[in-house]
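What follows is a single structure, written as structure tokens, with notes after it.
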Amino acid sequence: MPFDRCDLPPTRREFIVTAAAALAGARPRAVSVEAVPTVFYEQPGAGRSRIRFFVRDAAAAAAAGRLRVFDMRSRLLATAGVVRRGADLVGEVWLPLDAPTRIRSELEMPGTRGPVRSTHALAPKPRWTIYWVTVTDPVVLRARLEEVAPLLRGAESAMLFASGVRAHPLSLSESNTPIEHLAFARAAFPALDVAREYGIPAARIVSLAPRPDIIGIERVLSGSGITDLVDGTRAADPGAAGLAVDRRIATSAIEAWLETLAPTGAADPIAIVVGADAALALRSHGALGDWNARYAFPQIVLHEPPGGAVAAGVEPARVPPSRGWNPVPLGADARTAVADDLEQRRRDRAARIFEPLASLVAAGHPTLDGIAARFAFPVGGVMVFNPAPFGRSDVVELPDGTAKVVTNVPALGYAFIPETRGTDGAPVAAAAGARTVESALFQVRINDATGALQSVVMRETGRELVGMEGGICAIEGARLVATTLQPLPGVGSRLQVRRRVAGAAINTTVTVYDLLPWVDVENTPSEPGHAGDYRLAFAEPTGRVRWEATGGATGADAPIAVNRHLRWLALDAAAGTVLVATPDSAYAGVDDDGTLTVHGGGGRTRVRIGYRGFLLSDDPWRFGWSTEPFLAVPSAGTGTSGLPSFGRMVDIKDPGVAVLTLKRADDGVGVVGYMQELMGVARGIAILPGLLRFDALALTDLIERDRGMASRGPEGGAIIPVEPYGFTAFRLLGVTAG
């Protein structure tokens, strides 16, 4: 009789129904068997695939069982044991699997009443080929080869090549030192040199490590002839794929990785592993030989895939422009090394950039001094060379130690100044104890206690640039010792400030100019290696920070730490923009309140501060590049060259392009120039003869391979197409000194 119709009391009847339901739910679930094809195919011939069986819901007491596998005609195909792995029992067999098929299995194990019979539908997995490429910095690769005896280098190169080692097409230093635009544009040359000398080519497949301080990597790759690029950041590395160990350990890691990739639809999909350790590649021959002897697929090949092949899950590279980042600030030691490297690099660059002119007008003495000695002028004087890519006016230190403002020195050019001592009238005595320095444009006051710049007022508008707290170039724990005011006739005024901090003296020089719209502050510790942070607190809170980075410029909202900026930072506030040039320090940071901190390194730290309206997008570049030092060289005026006393090596009319260098071509044919577009506008740029006359102009890629002749332009020049923010190289042919 059903419970709901018996004569028991209602409460008793409900209890019996509930208990019956509970007993029914406590019955063990039926054991099930699942068959899963894997990506592994057996040698020889790849005719059999590994099938993995999972026994679900087996009793906890069951530690193992036996599985037999049949085709649908009940012919025995394989037998295997199943053993416990976690909650399931697992076993594997090799079965023919060239096309979708159905099989049956019978499982015998303790706790079951007779065999558990199941039917399974199997579909073959893709037959993967894994290409393992070791992409090594060409500088590191060259160093490795040079450690080998010369007679053995050929064999070492062949072994590296056979092991899948290739040179990274861009040699980008992993140090904290920012990479200059020119070095970035020419970053493919080390790989080209390794290919020429050792036969190890540059890789097409690269793993672009995140470098948010570098912008436009894809433009430099393309400009260096590397067009078939696959972004390796989504490929595996040898450690993640388990390829650094033997076959047994690598199997599970490779299978797990391949299961995450979606096949491209090709019959034989590929995957890419990108490593960086050449020694690991050499050591892995044995493990990979054992792997390929066991498995037909996945096959592991130690070189790049055929041209045009793209791995599943790896897209053609489209590296987006950097938009700023917040890295961990550098330690003091690292920041000191950065500052030292920047200083040395700037000293070297200025002298090299005039080599093409020097080799033409002073072949026996191809230096700046050689150029100056060849010029014929009515009187002696000084030649001032401007290594910056923009024409500019700035102060120059003359050979006699005096300072002079020189106006409108052409970009990559020079101006001759007749003999002068850099002063107007009688010398003016210095005044000790002064706290204020003034010019026609600025009034600067020093804090009586700390020696920091307490006030910087623009005299024309009365605007105060300094915040109420901290000041400019403040040093924690510093105290003022002495000040001296030195007038600079014809230039402006200079205030020498002596401070003490942590047992060391800091000499700070504050210079304001009558004609130049900025204030220069230079801090020099009396003890080399004394590093410190200089704080700059401005009156307006900073909303966004922009800065010059390798390959362009980027920005981010404050607060922000910037580890690798080049010359300038722009602090955008509601009332306007303050430009700060810090050419000796790659590290800077902006706090929530807008206080800028720059690291002083272990030597001189220069800070240039400007505030004005900026009309063109390349104005910050002009401001930052103005920190490139003028070079002053005496000229007796008794030489034989008839070149003018004022000129530029080549004449470029467009203001939004920076010529990074002019140099003798690496192959010795003509003069090669590198330039960068800074306004984000594609257009044609006219290059006209200047001090360097030329018969023709050819376009080249960034590793100086010709791409055809440029279109003729006006006045004997040529038209060069430029891409937004792109790098362009060209070759001047038939060059003479005009």
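Remarks
- Residue in the stretch 573-588 that is buried (at least 23 other Cβ atoms within 10 Å of the Cβ), farther than 26 Å from Pro517 by Cβ and among the polar types (S, T, N, Q) present: no
- Here the condition is being at pLDDT below 90, surrounded by 15 or more Cβ atoms within 10 Å (Cβ to Cβ) and out of contact with any helix residue (DSSP H, G or I) (no Cβ under 8 Å at 6 or more places or on another chain); of Val31, Val116, Val55, it holds for Val31 alone.
- Residue that is under 20 Å from Phe354 (Cα atoms), part of a strand (DSSP E or B), among the hydrophobic types (A, V, I, L, M, F, W, C) and at pLDDT 90 or above, where the choices are Leu699, Leu660: Leu660
- Among the residues here, Ala203 qualifies as modelled with pLDDT of 85 or more and assigned by TED's automatic domain parsing to the domain that holds Leu288.
- Subset of the stretch 459-489 [out of contact with any Leu (no Cβ under 7 Å at 6 or more places or on another chain) and part of a strand (DSSP E or B)]: Glu464, Ala474, Arg479, Leu480, Val481, Ala482, Thr484, Gln486, Pro487, Leu488
- Scanning the stretch 672-696 for residues that are in a loop (DSSP other than H, G, I, E, B) and within 29 Å of the chain's Cα centre (by Cα) yields a count of 5.
- Condition check for Ala482: farther than 30 Å from Thr577 by Cβ and in the same structural domain as Ala440 (by TED's automatic domain parsing): yes
Conditions (1) closer than 20 Å to Thr450 by Cβ; (2) in contact (Cβ under 8 Å) with a residue 40 or more places away in the chain; (3) among the hydrophobic types (A, V, I, L, M, F, W, C); (4) in a loop (DSSP other than H, G, I, E, B), marked per residue:
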| position | (1), (2), (3), (4) |
| --- | --- |
| Asn523 | yes, yes, no, no |
| Glu527 | yes, no, no, yes |
| Gly555 | no, yes, no, no |
| His565 | no, yes, no, yes |
| Val578 | no, yes, yes, no |
| Gly610 | no, yes, no, no |
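- Of everything listed in (1) buried (at least 19 other Cβ atoms within 10 Å of the Cβ); (2) in contact with a Pro (Cβ under 7 Å, 6 or more places away or on another chain); (3) more than 30 Å from Ala581 (Cα to Cα), the single unmet condition for Gly716 is (1).
- The stretch 616-644 - residue that is polar (S, T, N, Q) and either over 10 Å from Phe390 (Cβ atoms) or touching a helix residue (DSSP H, G or I) at 6+ places or on another chain (Cβ under 7 Å) (or both) and, of those, surrounded by the fewest Cβ atoms within 10 Å (Cβ to Cβ): Thr640
- Residues that are among the small types (Gly, Ala, Ser) and more than 19 Å from Val519 (Cα to Cα), drawn from the stretch 459-509: Gly477, Ala478, Ala482, Ala502, Gly503, Ala504, Ala505
- Residue among Arg712, Arg683, Arg705 that is over 19 Å from Ser224 (Cα atoms) and out of contact with any Asp or Glu (no Cβ under 9 Å at 6 or more places or on another chain): Arg712
- Meets criteria (surrounded by fewer than 17 Cβ atoms within 10 Å (Cβ to Cβ) and at pLDDT 90 or above) for Leu152: yes
- Test: residue in the stretch 129-140 that is surrounded by 20 or more Cβ atoms within 10 Å (Cβ to Cβ) and of a type in the set (S, T, N, Q): yes
The values are calculated or read from the model by the stated rules, or taken from the named source; none is laboratory data. The structure presented is a predicted model; accordingly, all values stated were derived computationally and were not measured. Cβ sites come from the backbone with ideal geometry, for glycine too, and all protein chains shown count toward neighbours.
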